[in-house]
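Novice: Structure below; questions to follow.
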Amino acid sequence: MKNGCSVLYVCIVSALLLQAPLVGEGADRPALVPMLGYELIRLDSEEAYSISTGGAVVGETLSFVGLYTRSVFDGYPAPAYSDTYHGIELLLDMDRNRHQAVGLFKSESDRPVSGGLDTFQAAAVYGYEILSGSRVNLAVGGGLGVSDFGLDSPVIPVPFVRLKYRSPLLEAGFDFITGPSLAFTLFPQQRIRFNGDLRIDEFRDVRDLIFEASLGYRFFDSESPAGDFAGFDLGVKSDVLSFVSADHDQAYELHYYGVFARLDLTFLALTGGYAFQGRERWEDDSTADTGDGYFVSLAGLWQF
């Protein structure tokens, strides 16, 4: 699958990997979480913004995330590529007893789905939890993936590995379906924490490693009456905007590194920072430097 997820999608999936409540404490009934987000990246020779909307249903045994994103470039991002793209991201995660099932769908294109097999990716997998302990859970299995993989068949077998670890020192979640994804928090019960997210779907060069690492400070202790709902983070990241054009064989990608600060109020997160070493990549592995600049994002969610 292609890289590039909205900030809201990454937030929700990381929470699911770490089995963390999205807003406050969980309840017997599923939590309904509507979401809205805005992102802007402005570099010397490229500019784009994205607006995301969607929601999640999060329960004890079943979780669902659905998001739509519209991304617009200030001018055409590359020769003969569209300046407007649509993103659809769906995740269904079921976990009952020691049985786990995951369904994924993702399309980021100027003509999602209707543009052909290469404009979307889907997967359905099943896993069985072979380790179930107070600190470590491990589920393994497999399933099927559907897309244009450059093979004779659009349907291929894919693995499923899910590892979760919990301790006062470290909380971590690792998933492998179409590519490895890792989310972790060091010192999760302390007011000063270190957070990380890493994922990679292709193995062409170092820019395919998408990551975010931050040092965070929580304003309140988890034992306080106010609860652990607010904090401030300083971090670094490697990010990408990636879209498949229905009229081209290869995706358009805008990579950049960044240093950022984030005010996180759980229900509202404001992020801003400096972007550098921007790079475009498109047809026939053509690349161009897009310079430096800045990025901002605002993500809001609320639990009912």
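The values are calculated or read from the model by the stated rules, or taken from the named source; none is laboratory data. Nothing here was measured: the structure is a model prediction, and the numbers come from that model. Positions of Cβ are backbone-derived with ideal geometry, glycine not excepted, and every protein chain shown enters the neighbour counts. The protein model used for the area step is the full one, side chains on, heavy atoms only, and it has no ligands, DNA or RNA in it. Shrake-Rupley method; radii C 1.70, N 1.55, O 1.52, S 1.80 Å.
Novice: What is the sum of charges around residue 180, taking Lys and Arg as +1, Asp and Glu as -1, for the other residues whose C-beta is under 11 Å from the C-beta of residue 180?
Specialist: Net charge in that neighbourhood comes out at -1.
Novice: Follow-up. Add +1 for every Lys or Arg and -1 for every Asp or Glu among the other residues with Cβ under 10 Å from the Cβ of residue 74, and state the total. Don't skip to the answer; put the middle values down first.
Specialist: Working: positive: 42; negative: 46, 47, 83.
Spelling it out: positives minus negatives among the neighbours equals -2.
Novice: With every protein chain present, what is the per residue accessible area of the chain (1.4 Å probe, Å²)?
Specialist: 48 Å²
Novice: In the stretch 220-304, carbon and sulfur make up what percent of the accessible area (probe 1.4 Å)?
Specialist: Looking at the stretch 220-304 in its full context, I get 60 percent from C and S.
Novice: Local charge sum around residue 154 (other residues, Cβ-Cβ under 11 Å, Lys/Arg +1, Asp/Glu -1)?
Specialist: Computed value for this residue: -3.
Novice: Let me ask something else about it. Answer rounded, prolate or oblate for the stretch 175-281, using the Cα gyration tensor with square roots of eigenvalues a ≥ b ≥ c: rounded when a/c is under 1.5, else prolate when a/b is larger than b/c, else oblate.
Specialist: In terms of gyration-tensor shape, prolate.
Novice: Using 0.36 nm per residue of separation minus the Cα-Cα distance, give me the extension gain between residue 53 and residue 274 in nm, one decimal.
Specialist: Stretched out fully, the residue 53 to residue 274 stretch lengthens by 77.0 nm.
Novice: Something else about it: Restricting to DSSP loop positions (anything but H, G, I, E, B) with no more than 13 other Cβ atoms inside 10 Å of their own Cβ, which trypsin sites (Lys or Arg not before Pro) remain in the stretch 33-108? Each step should come with its number before you reach the end.
Specialist: Working: sites: 42, 70, 96, 98, 106; in loops: 98.
Passing both the DSSP loop test and the Cβ count: 98.
Novice: Select from the stretch 34-69 those GluC sites (Glu not before Pro) which occupy a DSSP coil region and have at most 12 other Cβ atoms within 10 Å, ordered by residue number.
Specialist: Within the stretch 34-69, the qualifying GluC sites (Glu not before Pro) (loop, at most 12 other Cβ atoms within 10 Å) are 60.
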